[in-house]
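Have a look at the structure below before the remarks.
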Amino acid sequence: MDALDLVIRHARVATAADTFDSDIGIKDGVIVMLGKNLPKATKEIDAAGRVVTPGGIDGHCHLDQPMPPPAKMADNFDTGTRSAACGGTTTVIPFASQVKGQSIRAAVDDYHQRANGQAHIDYSFHLIVSDPTPDVLQNELPALIREGYSSFKIYMTYDDLKLDDGQILDVLSVARTHGATAMIHAENSDCIEWLTRRLEAAGQTAPRFHAHSRPMLVEREATHRAIALSQLVDVPILIVHVSGREAVEQIRWGRAHGLKILAETCPQYLFLTAADLGLDDSYLGAKCVCSPPPRDKANQEVIWDGLNDGLFTVFSSDHAPFNYDSPEGKKPEGKEVDFKYIPNGIPGLETRMPLLYSEGVLGGRITLSKFVELTSTNAAKTYGLHPRKGTIAIGSDADLVIWDERAVTIQNTNLHHAVDYTPYEGIELKAWPGMTLLRGEVVWDGTHFYGQKGRGQFLRGGTPTITAKRV
Ligand code: URP
Ligand code: ZN
Ligand code: ZN
């Protein structure tokens with residue numbers, strides 16, 4: 001074999017299965033050798049004393065997704081993937097979202113145009129199915145799944161996106177027949193509307209009342225219903241952005257009955273609480289308006305337990321980037337509006353991996369292998385990208401993070417997204433990626449970003465290779 005392009009020496013390599021000391025030999029962007037004392041390469045990096053993990057795969061983030069006006073996302077594929085890379089993520093999977101009345105194919109074509117030549121890291125697409133017409137169900141979706149758009153999200157809430165139970169059954173049937181992964185946003189829309197009307201009538205419209213309009217039982221009911229619908233069709237589903245105990249209990253119930261329920265949670269349910277939406281009527285709470293809303297400290301512990309014991313399959317950011325001080329963001333048309341008009345979602349692409357590494361691994365809450373499983377390997381398996389992505393193995397892409405264990409305070413001024421705030425401002429961490437490599441090339445060295453617009457490649461999704469374990 002020709003000389004290696006790069007050897008990373010003396011790495012403490014972590015995979016979802018184990019942790020071992022090894023050099024990593026890379027040729028043409030692929031890992032070709034693992035072992036000690038590898039031959040000399042054109043370039044060498046000494047990782048002595050440092051942990052090396054697979055690059056993160058953020059299986060749930062929103063970038064440049066068309067929104068109903070006046071809302072507009074602050075991050076596009078350029079700024080979003082730049083930010084992801086600086087936080088240790090090397091693959092993102094945002095959503096090509098069907099607007100009602102639009103064909104999904106048109107949404108996919110439009111989304112490719114938005115991504116083409118812009119991404120600094122690799123990317124795949126999920127679909128959002130908001131209008132499952134007979135043509136979508138019989139023709140478009142099956143064809144798109146065959147072409148590598150093999151995962152889609154369906155919503156049980158939001159007027160412009162939600163499906164009724166019959167429509168959900170139809171879409172799940174397509175997932176079953178054609179081997180796709182269905183992701184479900186589980187909140188009961190009618191309950192939210194009813195509660196919102198009562199809050200409005202009582203003049204309770206500040207951002208903090210967003211959390212009152214979406215209590216845990218709203219998520220619990222929808223989670224249980226989604227599980228029942230998946231059982232009826234006999235198809236696995238992934239319940240996304242699970243926020244706390246009540247939804248967790250439903251998923252545990254489903255798993256205990258042998259149902260194929262995968263689950264995702266996000267940093268906001270570990271590091272924020274409803275108090276971050278405000279203790280008074282300050283509008284600053286708009287920064288943390290997301291759905292489901294963050295809960296309380298006791299629920300954070302329930303989420304940590306679920307990460308540790310295998311209830312959760314994946315840990316994603318649900319990065320939904322809206323500026324705070326913007327007429328396109330949290331202040332529609334420049335105004336402080338009632339909570340129901342605040343665009344939902346918070347930024348988190350860059351902070352996802354460091355938060356979990358620091359508080360989870362170094363805080364002694366999860367093992368290093370569990371961290372790798374949750375942030376990378378299981379997303380690769382769920383979305384059909386494994387083993388090219390999501391592991392450190394011979395033949396896999398050399399997407400790697402070399403961790404620096406050092407004190408870091410999260411400050412928005414140091415982040416690389418285009419959003420004017422981070423909900424995690426001031427949190428003190430014990431680690432940050434000291435180096436991120438995409439297919440063998442350094443894109444972040446702990447201080448500088450070396451991205452290249454258009455270097456990110458589109459990845460076709462494939463058949464899931466993961467099953468829901470009993471927990
Ligand atoms: O509030 C949230 N989560 N916004 C992003 C869209 C979604 O539902 O994931
Ligand atoms: Zn959602
Ligand atoms: Zn989302």
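The values are calculated or read from the model by the stated rules, or taken from the named source; none is laboratory data. Just so we're clear, the structure is a prediction, and the values are computed from it rather than from any experiment. Reconstructed Cβ throughout: ideal geometry from the backbone, glycine too, with neighbour counts over all protein chains shown.
List of remarks:
- Restricting R114, R176, R146 to those that are without any contact (Cβ under 8 Å) to a residue 40 or more places away in the chain, of a type in the set (K, R) and on the phi < 0 side of the Ramachandran plot reduces the list to R146.
- Flag for S130 being small (G, A, S), surrounded by 19 or more Cβ atoms within 10 Å (Cβ to Cβ) and free of Cβ contacts under 8 Å to residues at least 40 places away in the same chain: yes
- For the range 296-311, the criterion of being buried (at least 18 other Cβ atoms within 10 Å of the Cβ), closer than 12 Å to C266 by Cβ, within 16 Å of ligand 2 (Cβ to nearest atom) and among the hydrophobic types (A, V, I, L, M, F, W, C) is met by none of the residues.
- Selection from the range 331-348 of residues that are touching a Pro at 6+ places or on another chain (Cβ under 9 Å) and within 16 Å of ligand 3 (Cβ to nearest atom): I342, P343, G345, I346, P347, G348
- Some residue of the range 210-223 being basic (K, R), farther than 24 Å from P94 by Cα and modelled with pLDDT of 95 or more: yes
- Odd one out for P347 among (1) within 30 Å of T465 (Cβ to Cβ); (2) within 14 Å of the chain's Cα centre (by Cα): (1)
- The residues of the range 228-270 that are within 15 Å of ligand 1 (Cβ to nearest atom) and of a type outside the set (A, V, I, L, M), listed by number, are H241, S243, G244, E264, T265, C266, P267, Q268, Y269.
- Which numbered condition K469 fails, given (1) touching a helix residue (DSSP H, G or I) at 6+ places or on another chain (Cβ under 8 Å); (2) under 29 Å from L307 (Cβ atoms); (3) crowded, with 20+ Cβ neighbours inside 10 Å: (3)
- Scanning the range 14-66 for residues that are part of a loop (DSSP other than H, G, I, E, B), within 16 Å of ligand 1 (Cβ to nearest atom), on the phi < 0 side of the Ramachandran plot and surrounded by 17 or more Cβ atoms within 10 Å (Cβ to Cβ) yields G59, H60, H62, L63, Q65.
- Count of the range 222-237 residues, restricted to those that are within 15 Å of ligand 2 (Cβ to nearest atom) and either in contact with a helix residue (DSSP H, G or I) (Cβ under 7 Å, 6 or more places away or on another chain) or more than 22 Å from K381 (Cβ to Cβ) (or both), is 3.
- The one condition from (1) without any contact (Cβ under 8 Å) to a residue 60 or more places away in the chain; (2) within 21 Å of I466 (Cα to Cα) that S189 does not meet is (2).
- Residue in the range 69-77 that is surrounded by fewer than 24 Cβ atoms within 10 Å (Cβ to Cβ), over 17 Å from D445 (Cα atoms) and free of Cβ contacts under 8 Å to residues at least 40 places away in the same chain present: yes
- Entry remark, the range 59-108: residues being of a type in the set (A, V, I, L, M), more than 12 Å from the chain's Cα centre (by Cα), within 14 Å of ligand 3 (Cβ to nearest atom) and more than 14 Å from P321 (Cα to Cα) number 1 in total.
- The set of residues in the range 329-376 that are in contact (Cβ under 8 Å) with a residue 60 or more places away in the chain, aromatic (F, W, Y) and within 16 Å of ligand 1 (Cβ to nearest atom) contains only F339.
- Residues of the range 117-127 classified as under 19 Å from V235 (Cα atoms) and in contact (Cβ under 8 Å) with a residue 40 or more places away in the chain, total: 1
- Residues that are in contact (Cβ under 8 Å) with a residue 12 or more places away in the chain and of a type in the set (D, E, K, R) were ranked within the range 160-169; the one that is nearest to V129 (Cα to Cα) is K162.
- Inside the range 111-134, residues that are under 30 Å from E193 (Cβ atoms) and either at pLDDT below 95 or not polar (S, T, N, Q) (or both) make up a count of 8.
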